[in-house]
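Visitor: Below you will find the structure I want to go over with you.
The values are calculated or read from the model by the stated rules, or taken from the named source; none is laboratory data. Given the structure is predicted, the values throughout are model-derived calculations rather than measurements. As a convention, Cβ positions derive from the backbone with ideal geometry for all residues, glycine included, and neighbour counts pool all protein chains shown.
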Amino acid sequence: MTKILSQWGLGPALAKISHKCTSFKMRNEVTGADPIEGTVTLRGGDVVKADVIVAADGHDSIMRPLVTGEEESVDELPGQRYLSLAFQVPTDALREDEELASLTDPLVWYLWVGDGYIFHGNLVVGEQDFTDIETPKTRKKRGRKGEAGHPLVPGSRHSTALSIEDAQTLGRLFSHIQHKSQLPQFLNAYEEIRQPRVSATQEYEQRQFGMFSAPAGPPMIQRDAMMRAALAYEDWEHMDEDTFKMVWGNELALMGHDAGEQVDDWWTQWRSFFEGKERARQRDSIQIPVLQPASYD
């Protein structure tokens, strides 16, 4: 995320448009919310009212029960338990070790797989640090309560992308709102646009996690055979089309997603409908002046 904010320009872009906001309340914990009144209560007791409340407070969001209508118990949800560890190592320390110096190559994504675990890493923050994520998988059963909007496998490579896509989708949709009475329809559109994308990404992450952390046996043998076939080409530019699609097809489809384009396609389809309703609303609200005869006494 640091690389996205600093090197890829998201930080300056956010700073540039931040002046459009009337105020920021930093480090204010939200302790409750009223979806009927459209208010949130802060730790200090202040109540803030808004037309729209966006819950972006992580996997244990206090807003989730208000949206779903029920409390979620982690222990009652089906699923497997995961342990995800993330840490950073200064690249200077890696370069000093002959066996680890190769990890500082910015063009290589390193991946180690084994019986029930994945270990992968890449350079971040201007190639000054090497970030690793280890995700062992145990055999116990437990539910996973994901992020505020959509749970993903711990250590997911797409969680940050989905969050940014969510924000872009909501912002671009709301740029077309002409009256706050349209809010429910545009929020429904947001779900209609984002749900297929998020579901497909979740399913892909689960498949990838299951494949790379496959236990010893037929699944592991099948995975290793596929990876050997891909590595035999040394570079994807030399792969035949069938092998390329087998190894990278789904990944590139995910990476090539354009959230803004999805909104534009939706707006092209529904623009005339919303603009027609807005014109009708304005006609209904026009006040016609009534002339009264003057009295001359």
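Visitor: Between a residue in segment 74-90 that is over 16 Å from residue 118 (Cα atoms) and any residue that is loosely packed, with under 13 Cβ neighbours inside 10 Å and modelled with pLDDT of 65 or more, which pairs come within a Cβ distance under 6 Å, given they are 6 or more apart or on different chains?
Guide: none
Visitor: In segment 143-198, how many residues are hydroxyl-bearing (Ser, Thr, Tyr) and modelled with pLDDT under 90?
Guide: Number of matching residues: 5.
Visitor: Any residue in segment 244-257 that is within 25 Å of the chain's Cα centre (by Cα), modelled with pLDDT under 80, of a type in the set (Val, Ile, Thr) and part of a helix (DSSP H, G or I)?
Guide: Scanning segment 244-257 turns up at least one residue that is within 25 Å of the chain's Cα centre (by Cα), modelled with pLDDT under 80, of a type in the set (Val, Ile, Thr) and part of a helix (DSSP H, G or I).
Visitor: For segment 193-224, give me the residue count where each residue is surrounded by 17 or more Cβ atoms within 10 Å (Cβ to Cβ) and either more than 26 Å from the chain's Cα centre (by Cα) or not in a helix (DSSP H, G or I) (or both).
Guide: Going through segment 193-224 one residue at a time, the tally reaches 3.
Visitor: Of the residues that sit in segment 1-20 and are under 17 Å from residue 168 (Cβ atoms) and modelled with pLDDT under 70, which one is nearest to the chain's Cα centre (by Cα)?
Guide: Going through the qualifying residues, I end up with 1.
Visitor: Sort out which residues of segment 175-198 are free of Cβ contacts under 8 Å to residues at least 24 places away in the same chain and closer than 20 Å to residue 260 by Cβ, and write them in order of number.
Guide: Once the filter is applied, which keeps residues that are free of Cβ contacts under 8 Å to residues at least 24 places away in the same chain and closer than 20 Å to residue 260 by Cβ, segment 175-198 yields 175, 177, 186, 188, 190, 191, 195, 196.
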